[in-house]
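Notes follow once the structure below has been shown.
Read the figures in this text as sums done on the coordinates, not as results from a lab. These figures come from a predicted structure and were not determined experimentally. Methodologically, a virtual Cβ is constructed for each residue, glycine included, from the backbone with ideal geometry; neighbour enumeration extends over all protein chains shown.
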Amino acid sequence: MIRVNVERIKDSEGETLLFREEVDLPCIDKEEISFAGPVNIEIELISSGKKIQAEGTIQAVIRRPCDRCLSPVEFLVEAPFKEIYFSTGTNQNNVMQDEWIPFKNEIIDIEPEVIKSLIMALPMKVLCEQNCRGLCPSCGQNLNIEKCGCSREIIDPRLAVLREFAKIKHGEKNLE
């Protein structure tokens, strides 16, 4: 849990608080994401009386498997952070539900939004190198390390019957 104490600025419109910290976050198993070091958080929190706006950046070195060969890859992610927090005592009628991130008393837990920001900043495809050759679809050999002896002929299983039919037809032509 990454806690920010906003007691000093909570009720003072225009007051700011700079939150800088390096934190260790656990692996995110669902996404196969692990962190190669601490996550750097730099966020400015600005009070407007009823809400606290948090803006800044998050930096982390992420470790994920390559999408082609499954080798571990480490890369830097810099994610923007922009959220609005409301005290649980605030009237919710004026607040859009998808913008509502409540906090109790003087403590805001920003960890869920930090993780969300990092996930949103991840690249669509993670590669160990631009020319990664991936894994052999037959035997699973990492083709970046060593070639395998598998046949590269790819046959659509739905058309395999036609291939056998063509062999028989071809054989009949040779008999004539």
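Annotations
- To the nearest ten degrees, helix 160-175 and the longest principal axis of the Cα atoms of the chain are 20 degrees apart.
- Per-pair calculated FRET efficiency, R0 = 22 Å: Val61 and Glu129 via Cβ, rounded to 0.05: 0.80
- Here Kirkwood radius over Cα pairs in Å was calculated from the structure, and among [x] 16.1; [y] 20.6; [z] 18.6 it sits at label [y].
- Cross-link partners for Lys10 among the lysines, with Cα-Cα distance under 19 Å and sequence neighbours closer than 8 places in the same chain left out: Lys50, Lys51, Lys82, Lys104.
- Linear extension gain, Phe75 paired with Arg158, 0.36 nm per residue minus alpha-carbon span: 25.8 nm
- Stretch gain in nm, segment Leu122-Val23, where the contour uses 0.36 nm per residue and the Cα spacing is subtracted: 33.8 nm
- Peptides 21-28, 102-109 ranked from most to least packed by the mean count of surrounding Cβ atoms within 10 Å: 102-109, 21-28.
- Distant-in-sequence amide H partners of Ile2 (H built 1.01 Å from N, under 5 Å): Ile110, Glu111
- When shorter helices are ignored and each DSSP H run of at least 4 residues is given -39500 (n - 2.57), the per-residue value for the chain at 222 nm works out to -5000 deg cm²/dmol.
- Stretchable slack from Ile46 to Ala166, in nm (0.36 nm times residue separation minus alpha-carbon distance): 35.8 nm
- The stretch 111-138 and the stretch 1-30: distance between their alpha carbon centers, rounded to Å: 27 Å
- In degrees, nearest ten, helix 111-121 long axis to first principal axis of the chain (Cα): 40 degrees
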